[in-house]
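Asks: To start, I am sharing the structure in question, which I have written as structure tokens.
The values are calculated or read from the model by the stated rules, or taken from the named source; none is laboratory data. Bear in mind the structure is a predicted one, so any value in this text is a computation, not a measurement. Cβ coordinates were reconstructed from backbone atoms using ideal geometry, including for glycine residues, and neighbour counts include every protein chain displayed. These accessible areas exclude ligands, DNA and RNA; they are computed on the full protein's heavy atoms, side chains included. Shrake-Rupley method; radii C 1.70, N 1.55, O 1.52, S 1.80 Å.
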Amino acid sequence: MLGFTRYVSRTGPAKATFVGGLRRQRERRSGFNPHGQLVKALKADIAFRTGGSYLGGVVDVVKDRWKPLYEALRAGARTYLASLGDPERVDLAQTRDAIATVGPLAVKINPHFGLRYADGRREAVRLHFDEEPPSAEAATAMLHLMARHMDQILPNAEPVLVDLRRGVVHRIDAAARPADVESWLAGEAAAFTAMWAATAAPAA
């Protein structure tokens, strides 16, 4: 899902460049996720109602090369944590991954965690770590794909995208027509698939 939603944010030749780079990365089987310990710390603060103490300490335990990244993310993560309200009224909820079929493309939908509030509300949360905020296109694609498969991910939950550097929460635009989003995504998926195939073609 991350690769596809990053793809839809790009325009013109940048789309093909991105797909080529993504394919080379997959072929090398690279793509280490440096954010794992930060996600664990955020989830621990939610689960144990510790008000950000795990987020506070995680910078000290990661490798030196990741410390600037974690320091850049920590303030926004604490802002998001505070936005959840009374810690006694929110718990983690188990989510499941799902596979979406978008045109000819299979896309893995993988939220980072789920939330369950005391008033019965549920949220499936996907985190955004990049320096730049998520584009409108990326947010629309990610939230729509999560909503479409919410019965598998976390029944009766609302999809949420959190821009973790800024602590900003993005939700589905109620004015957007799902059929229009679906049509747009199918076109983007068809183009992505064609570019992916082209990068594998041997040189003439």
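Asks: Just to verify a result, which residue in the range 168-200, among those that are outside any loop (DSSP other than H, G, I, E, B) and among the charged types (D, E, K, R), is modelled with the lowest pLDDT?
Replies: Restricting attention to the range 168-200, the residues satisfying the condition of being outside any loop (DSSP other than H, G, I, E, B) are 168-170, 178-200.
Filter once more, so that each one left must be among the charged types (D, E, K, R): 180, 182, 188.
Details: 180: 95, 182: 92, 188: 88.
Checked the range 168-200; the qualifying residue modelled with the lowest pLDDT is 188.
Asks: Being over 14 Å from the mean Cα position of the chain (by Cα), open to solvent by 40 Å² or more (accessible area, probe 1.4 Å), among the basic types (Lys, Arg) and closer than 22 Å to residue 184 by Cβ: is that true of residue 116 here?
Replies: Values: over 14 Å from the mean Cα position of the chain (by Cα): yes; open to solvent by 40 Å² or more (accessible area, probe 1.4 Å): yes; among the basic types (Lys, Arg): yes; closer than 22 Å to residue 184 by Cβ: no.
Here the answer is no, as residue 116 does not meet what is asked.
Asks: Okay, next question. Would you be able to tell me the number of residues in the range 80-93 that are of a type outside the set (A, V, I, L, M, F, W, C) and closer than 15 Å to residue 42 by Cα? Give the steps one after another, and end with the answer.
Replies: Taking the range 80-93 first, the residues of a type outside the set (A, V, I, L, M, F, W, C) are 80, 83, 85-89, 91.
Remaining after also requiring closer than 15 Å to residue 42 by Cα: 80, 83, 85, 87, 91.
So the count comes out to 5.
Asks: Looking only at the range 76-108, count every residue that is part of a helix (DSSP H, G or I) and modelled with pLDDT under 95 and tell me the total.
Replies: Narrowing the range 76-108 to residues part of a helix (DSSP H, G or I): 76-83, 87-89.
With modelled with pLDDT under 95 added as a condition, the list becomes none.
Looking only at that region, the number is 0.
Asks: While we're on this one: From 142, 195, grab the single residue that is more than 20 Å from the chain's Cα centre (by Cα) and closer than 19 Å to residue 3 by Cβ. Give the derivation first.
Replies: Details: 142 fails: more than 20 Å from the chain's Cα centre (by Cα).
Only one candidate passes the filter, namely 195.
Asks: Tell me which residues, restricted to the range 141-167, are touching a residue at least 60 places away in the same chain (Cβ under 8 Å) and outside any loop (DSSP other than H, G, I, E, B).
Replies: Hits for the range 141-167 are 141, 142, 145, 162, 163.
Asks: If you don't mind, there's one more thing I want to ask. Looking at residue 147, is it among the small types (Gly, Ala, Ser) and within 21 Å of residue 120 (Cα to Cα)?
Replies: Working: among the small types (Gly, Ala, Ser): yes; within 21 Å of residue 120 (Cα to Cα): yes.
When the stated conditions are applied, residue 147 passes them.
Asks: If I filter the range 65-80 down to residues being over 30 Å from residue 181 (Cα atoms), of a type outside the set (Phe, Trp, Tyr) and touching a helix residue (DSSP H, G or I) at 6+ places or on another chain (Cβ under 8 Å), which single residue comes out as most open to solvent (accessible area, probe 1.4 Å)? Steps first, please.
Replies: Our first condition is that a residue be over 30 Å from residue 181 (Cα atoms); within the range 65-80, this holds for 65-75, 78-79.
Remaining after also requiring of a type outside the set (Phe, Trp, Tyr): 65, 67-69, 71-75, 78-79.
Next cut, touching a helix residue (DSSP H, G or I) at 6+ places or on another chain (Cβ under 8 Å) only: 73-74, 78.
Details: 73: 0, 74: 59, 78: 108 Å².
Within the range 65-80, the match that is most open to solvent (accessible area, probe 1.4 Å) is 78.
Asks: I'd like the full set of residues that are aliphatic (A, V, I, L, M) and farther than 15 Å from residue 153 by Cα, limited to the range 72-126. Please lay out each step first, then the result.
Replies: Narrowing the range 72-126 to residues aliphatic (A, V, I, L, M): 72-73, 75, 77, 81-82, 84, 90, 92-93, 98-100, 102, 105-107, 109, 115, 118, 124-125.
Result: 72, 73, 75, 77, 81, 82, 84, 90, 102, 105, 106, 118.
Asks: Inspect the range 7-27 for any residue being open to solvent by less than 40 Å² (accessible area, probe 1.4 Å), under 15 Å from the mean Cα position of the chain (by Cα) and not aliphatic (A, V, I, L, M) and give the result as yes or no. Before the answer, list the steps.
Replies: Pass one, the range 7-27, residues open to solvent by less than 40 Å² (accessible area, probe 1.4 Å): 7-8, 15, 18-22.
Narrowing the set further to residues that are under 15 Å from the mean Cα position of the chain (by Cα) leaves 7-8.
Imposing the further condition that a residue be not aliphatic (A, V, I, L, M) reduces the set to 7.
Taking every residue of the range 7-27 in turn, at least one turns out to be open to solvent by less than 40 Å² (accessible area, probe 1.4 Å), under 15 Å from the mean Cα position of the chain (by Cα) and not aliphatic (A, V, I, L, M).
Asks: Next question. Please give the number of the condition residue 62 fails out of (1) at pLDDT below 95; (2) open to solvent by 20 Å² or more (accessible area, probe 1.4 Å); (3) aliphatic (A, V, I, L, M).
Replies: Of (1) at pLDDT below 95; (2) open to solvent by 20 Å² or more (accessible area, probe 1.4 Å); (3) aliphatic (A, V, I, L, M), only one is false for residue 62: (2).
The rows are residues; the columns are (1) crowded, with 16+ Cβ neighbours inside 10 Å; (2) touching a helix residue (DSSP H, G or I) at 6+ places or on another chain (Cβ under 8 Å); (3) among the charged types (D, E, K, R).
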{"residue": "91", "(1), (2), (3)": "no, yes, yes"}
{"residue": "94", "(1), (2), (3)": "no, no, no"}
{"residue": "98", "(1), (2), (3)": "yes, yes, no"}
{"residue": "123", "(1), (2), (3)": "yes, no, yes"}
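Asks: To continue, here is another question. Scan the range 28-46 residue by residue and report those that are open to solvent by 40 Å² or more (accessible area, probe 1.4 Å) and modelled with pLDDT of 80 or more.
Replies: So in the range 28-46, the residues open to solvent by 40 Å² or more (accessible area, probe 1.4 Å) come out as 28-33, 37, 40, 43.
Matches in the range 28-46: 37, 40, 43.
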